[in-house]
Amino acid sequence: MDKQRIAFVSGSTRGIGLAVAKALLDKGCMVIGNSRTKELDVHHELRSRDNYLYIQGDVTQEEDVSYIFKRIIKTYGRIDVLVNNVGMTSRKSFIASTEKDYDEMFRTNLLGAVHCSKYALKNMIFNKYGRIINISSIAGTNALPFEVLYSSSKAALIGLTKGIAKEYASKGVTCNVIAPGVIDTGAGNYDDIKKSIPTSQIGSPEDVAGLVAYLSSEEAAYITGQVIKIDGGLFI
Ligand SMILES: NC(=O)c1ccc[n+]([C@@H]2O[C@H](COP(=O)([O-])OP(=O)(O)OC[C@H]3O[C@@H](n4cnc5c(N)ncnc54)[C@H](OP(=O)(O)O)[C@@H]3O)[C@@H](O)[C@H]2O)c1
């Protein structure tokens with residue numbers, strides 16, 4: 001890497017976001033991590049790492065996102081890499097889902113990425129350089145029962161990615177989206193689902209983080225607007 005890249009990872013305190021933050025730190029980036037939790041209540045190992053800054057904020061709230069990016073630009077002068085990792089899921093029959101469920105799902109899985117992309121892009125366009133990586137899901141590319149709102153919001157994130165990729169390609173900004181399959185973030189027993197995965201393996205947060213690190217690099221300059229699945233061949 002020619003110069004140190006400044007990267008913001010939304011939702012970096014656990015799971016995939018934590019692995020992404022670590023991978024970008026290992027690549028030599030300055031990493032700004034985030035979640036809604038107060039810094040003192042975040043018990044993750046990155047707090048002691050050099051080149052890591054934590055900024056509390058809810059990415060669904062525009063005033064929080066505005067504060068986060070103002071602080072990043074004021075402190076480091078620019079933002080090079082944005083990883084929109086924040087997301088939520090819920091299992092419910094579609095006809096039982098309410099407008100409140102819809103609002104929560106779309107605010108978390110789409111609006112957060114919309115706010116962060118807007119604030120980051122203003123600076124990336126100015127610098128003629130940017131890498132945006134969105135974390136969608138195979139639920140956004142393939143239908144899953146009882147996850148209709150989740151699928152819709154993750155499909156919308158794919159649309160956001162393609163639109164940004166096309167609109168800002170001439171400004172030196174790439175925008176890609178990763179669609180992870182079943183990733184072991186400690187959420188449960190995976191014995192049954194393993195049988196339906198061609199590689200017979202559950203993915204790890206590090207599998208996703210490795211691809212984020214690549215897409216955020218200079219080497220990935222010619223890849224934009226792409227949806228890349230990491231699912232052990234579940235949906236080929
Ligand atoms: N795990 C999987 O198997 C899997 C598969 C496919 C796709 N994905 C996608 O991958 C992404 C990460 O998944 P994960 O399982 O690692 O998630 P997770 O363990 O639930 O972690 C989510 C992170 O985001 C933060 N967060 C949540 N809402 C936020 C908000 N509004 N503003 C700021 N921070 C917020 C959380 O901290 P606080 O709660 O403290 O704010 C936490 O740091 C999600 O987009 C998910 O849909 C996951």
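The values are calculated or read from the model by the stated rules, or taken from the named source; none is laboratory data. On a predicted model such as this, the values are computed, not experimentally measured, just so you know. Using ideal geometry, Cβ is built from the backbone for each residue, glycine included, and neighbour counts are taken over all protein chains shown. When the accessible area is computed, the model is the full protein with side chains, heavy atoms only, and any ligands, DNA or RNA have been set aside. Shrake-Rupley method; radii C 1.70, N 1.55, O 1.52, S 1.80 Å.
Things to note:
- Failed item, numbered, when GLY11 is tested on (1) open to solvent by 80 Å² or more (accessible area, probe 1.4 Å); (2) near the ligand (Cβ under 8 Å from one of its atoms): (1)
- Options TYR168, TYR214; residue that is closer than 16 Å to ASP80 by Cα, open to solvent by 60 Å² or more (accessible area, probe 1.4 Å) and modelled with pLDDT of 95 or more: TYR214
- Meets criteria (of a type in the set (Lys, Arg), in a helix (DSSP H, G or I) and modelled with pLDDT under 95) for ARG107: no
- Residue in segment 148-169 that is in contact with a Ser or Thr (Cβ under 6 Å, 6 or more places away or on another chain), farther than 23 Å from MET30 by Cα and among the basic types (Lys, Arg) present: yes
- All conditions in (1) out of contact with any Leu (no Cβ under 9 Å at 6 or more places or on another chain); (2) of a type outside the set (Phe, Trp, Tyr); (3) under 27 Å from LYS229 (Cβ atoms); (4) surrounded by 14 or more Cβ atoms within 10 Å (Cβ to Cβ) hold for ASN109, with the sole exception of (1).
- Screening segment 126-235 for strands (runs of 3 or more DSSP E) wholly inside it with 2 or more residues that are more than 13 Å from the ligand (Cβ to nearest atom) returns the ranges 130-135, 173-180.
- Output for segment 14-51, where each listed residue is over 23 Å from GLY181 (Cβ atoms), within 14 Å of the ligand (Cβ to nearest atom), in contact with a strand residue (DSSP E or B) (Cβ under 8 Å, 6 or more places away or on another chain) and open to solvent by less than 30 Å² (accessible area, probe 1.4 Å): VAL31, ILE32, GLY33, ASN34, SER35, VAL42, LEU46
- None of ALA187, ALA169 is farther than 28 Å from GLN61 by Cβ and more than 14 Å from the chain's Cα centre (by Cα) except ALA169.
- Taking each residue of segment 143-162 that is farther than 17 Å from LYS229 by Cα and looking for partners that are assigned to a loop (DSSP other than H, G, I, E, B) with beta-carbon atoms closer than 6 Å, six or more apart or interchain, yields PHE146/ARG91; LEU149/SER97.
- ALA120 vs. criteria assigned to a loop (DSSP other than H, G, I, E, B), more than 10 Å from the ligand (Cβ to nearest atom) and either within 14 Å of ARG78 (Cα to Cα) or open to solvent by 40 Å² or more (accessible area, probe 1.4 Å) (or both): no
- Condition met for PHE69 (touching a residue at least 40 places away in the same chain (Cβ under 8 Å), hydrophobic (A, V, I, L, M, F, W, C), more than 12 Å from the ligand (Cβ to nearest atom) and open to solvent by less than 10 Å² (accessible area, probe 1.4 Å)): yes
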